[in-house]
Structure formats: structure tokens, C-alpha cells
Amino acid sequence: DAGITQSPRYKITETGRQVTLMCHQTWSHSYMFWYRQDLGHGLRLIYYSAAADITDKGEVPDGYVVSRSKTENFPLTLESATRSQTSVYFCASKGQVNQPQHFGDGTRLSIL
Amino acid sequence: EDQVTQSPEALRLQEGESSSLNCSYTVSGLRGLFWYRQDPGKGPEFLFTLYSAGEEKEKERLKATLTKKESFLHITAPKPEDSATYLCAVQASAGYSTLTFGKGTMLLVSP
């Protein structure tokens, strides 16, 4: 029962580099979400997807790119990392509209 | 714009000392209100969903209630293992089923 897994758990990179955070779920859930969590802001939605090949912006999408070619994977790419993108990133998924979202354990990303 | 405000920001209780956490919300039509628990270094863990005013849900020492403007998470006779950050989120009727989260209440239960 793997559920939802994120990789890597920790990542340190430099400003200007591209970095991709991975999210994989084994439930065949339709919906997937990316959040960032920062002190003083709580969880903020970056991007979400209702199905393969369908993605949409959340509250804070600038500087991020997503794709969803397969139902089970939802990678998040920072094309040119900035220090303000230092954060803890959480991926979540759910099956139906009214069901709760289930979260992975996060990726802690530090950009130097 | 949907908004969620949680209070207090932090709460310290003695073991066995019951209390309540508050979640006030404004949303253009409520589809559901969700409570999560988050432990340090972990992702949020789902606790409850409430759909309409007057609804209550219980799980062990936790009971969640809902009115038209707020939700309460009542903690009865807490234990140290209940220490965590509790998050509240709302889902609006319109749109694509995204959640708006509050900033959370950090609960510490001392033995």
C-alpha cells in the first residue's frame, strides 16, 4: 500500500537551476495537487490537475511548470529556481470531487 | 475570495485538559469543510469532512462541529500524542474542488 510518494525528500540547489519534484500515486486518483507550505502562509495551491493532460493554475503558479501525461504521476518543475521558492512542497491526490485529499510527506527544497 | 482563519495560532494544554480549536470561514457556497492533522516532517493527515451546518463527526478524543460561519474541533481529555498542528480547509461549491487552507493551530499537550 504505497499510496502517494514524493521524491526527493530533501533537495538543495542553486539559483537559476532547473529542478523537478516528483509525485507518484498508486490509487489511480483523478485529481492531483501541488502545494507549498511556508511559515506565516500555510498551505498554498500551486497547480492542480483533474485528469491526465488537464492542468490548471492555483493561487501561486508563477515560476512553476507541471505536466500530467500519466494519471499516476504529476511532476512539478521549477524552470529557473529563485531563493523565494525555498519551501516545503506537498503533493496530494483524491479520487472524486467530494472526497478528501491525501497528502505525501513532502519535499524540503532549499535554494541557495 | 474564500478565506479561512484559525484560532488560536498555538495552544498548550495539560494532559486531560479539554479545549476547542476554532475555524472561521467565508466561502461562496460551502461544498465541504475538512480537518487535517499534521505532524512535524509529515504531510497533512485527513481527519474529518463536514458538509452542512449542524453536522458533527467524532474520532477517539476529537469531535468536529459545523455552523454556517465556523467549525470547532473539540479535544476531550487530550494525551501527549494528540500534539500536532491541526489544519482546517474549505471547498467551495463552484469551481474545481480545490481547497483553501487556514494557517493552522499548533497544539502541544504536556504530560
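The values are calculated or read from the model by the stated rules, or taken from the named source; none is laboratory data. Computed from a predicted model, the values in this text were never measured in an experiment. Methodologically, a virtual Cβ is constructed for each residue, glycine included, from the backbone with ideal geometry; neighbour enumeration extends over all protein chains shown.
Listing for the model above:
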item: Any chance B:Ala53 is surrounded by 20 or more Cβ atoms within 10 Å (Cβ to Cβ) and either at pLDDT 95 or above or of a type in the set (Gly, Ala, Ser) (or both); result: no
item: Test result for B:Gly29, away from chain A (no Cβ under 14 Å), touching a residue at least 12 places away in the same chain (Cβ under 8 Å) and surrounded by fewer than 17 Cβ atoms within 10 Å (Cβ to Cβ); result: no
item: Condition check for B:Val4: assigned to a strand (DSSP E or B), more than 9 Å from chain A (Cβ to nearest Cβ), surrounded by 13 or more Cβ atoms within 10 Å (Cβ to Cβ) and among the hydrophobic types (A, V, I, L, M, F, W, C); result: no
item: Qualifying residue in region A:19-37 (condition: assigned to a loop (DSSP other than H, G, I, E, B) and without any contact (Cβ under 8 Å) to a residue 40 or more places away in the chain); result: no
item: Residue in region B:15-23 that is touching a Leu at 6+ places or on another chain (Cβ under 6 Å) and either surrounded by 15 or more Cβ atoms within 10 Å (Cβ to Cβ) or not polar (S, T, N, Q) (or both) present; result: yes
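One line per residue, one yes/no per condition, for (1) among the β-branched types (Val, Ile, Thr); (2) under 25 Å from B:Trp35 (Cα atoms); (3) within 14 Å of chain B (Cβ to nearest Cβ):
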position: A:Ile4; (1), (2), (3): yes, yes, yes
position: A:Gly16; (1), (2), (3): no, no, no
position: A:Met32; (1), (2), (3): no, yes, yes
position: A:Asp38; (1), (2), (3): no, yes, yes
position: A:Arg44; (1), (2), (3): no, yes, yes
position: A:Asp56; (1), (2), (3): no, yes, yes
position: A:Glu59; (1), (2), (3): no, yes, yes
position: A:Ser69; (1), (2), (3): no, no, no
position: A:Pro75; (1), (2), (3): no, no, no
